[in-house]
Amino acid sequence: KPECIKMRLICIIVVILLSGLAHASEQTSTSVKLGKDISILFTVGKFIKTENKIIDCGGGYICLVNDKPLWGTDGKLPKSVLKEMLVNIKGRKVELDTTGMFNPMVSGIGKTKYQVVNYYDDVWKVRGKFSDGAATYYAEWFVVNGRATRIMIGDSELLHDAFDSIFKKR
């Protein structure tokens, strides 16, 4: 019976490898050139419900994915996830935090926009507007000496409310 066990192990390994290939093929990468020495590479994958912890907040609406707020949906289950975002500034690639970023439609013309601005010296701001046609959201990162920190993420309603409450005349 060692031959049966050996065959079962081989079958299990093949299934695991094929499963990994299937998930890898469900990803697409898109590069957007923004200038002579500036580009952004996006990797988007299919959202797989069973690989994520979903927190329902009632009425069939999702509040959290993996204990974090989600952007890019109107409270429904996401279809895609922004798995990776790399900004390439003058040959230096820097990974940006994409936590909670769903349905980004990075290939959508006009719905999604990006900007990389030299703030001063080796300090850059990377900005993005992400949308699949609904649930538009914005994100901004500081890139300093090759390291990035996401400093803002939110939808237009959230940002309007925040600024309105800060700057509203009393």
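Apply 1/(1 + (r/R0)^6) to the Cβ-Cβ distance of F163 and L41, taking R0 = 35 Å, and write down the FRET efficiency to the nearest 0.05. The calculated FRET efficiency here is 0.65. Projecting label points 7 angstrom from Cα along Cα→Cβ for E26 and K83 puts them 1.0 nm apart. Extending 7 Å from the Cα toward the beta-carbon at both K33 and R92 defines two label points whose distance is 2.3 nm. The residues of region 29-170 expose on average 60 square angstrom of accessible surface per residue, using a 1.4 Å probe on protein heavy atoms. Mean separation of Cα pairs under 8 Å and 6 or more residues apart, divided by the residue count, gives region 61-154 a relative contact order of 24 percent.
Based on alpha-carbon atoms, the Kirkwood radius and the radius of gyration of region 77-159 give Rg/Rh equal to 0.97.
In this simple spin-label model, placing a label point 7 Å from the Cα along the Cα-to-Cβ direction at both Y119 and C63 gives a separation of 3.3 nm. Over all other residues within a Cβ to Cβ distance under 15 Å of K93, the charged ones net out to -1, with Lys and Arg as +1 and Asp and Glu as -1.
Heavy-atom surface analysis with a 1.4 Å probe gives region 25-101 a carbon and sulfur content of 50 percent of its accessible area.
The values are calculated or read from the model by the stated rules, or taken from the named source; none is laboratory data. Here the structure is a predicted model, which means the values were calculated and not measured. Cβ sites come from the backbone with ideal geometry, for glycine too, and all protein chains shown count toward neighbours. Protein only, heavy atoms only, side chains kept; ligands, DNA and RNA dropped before computing areas. Shrake-Rupley method; radii C 1.70, N 1.55, O 1.52, S 1.80 Å.
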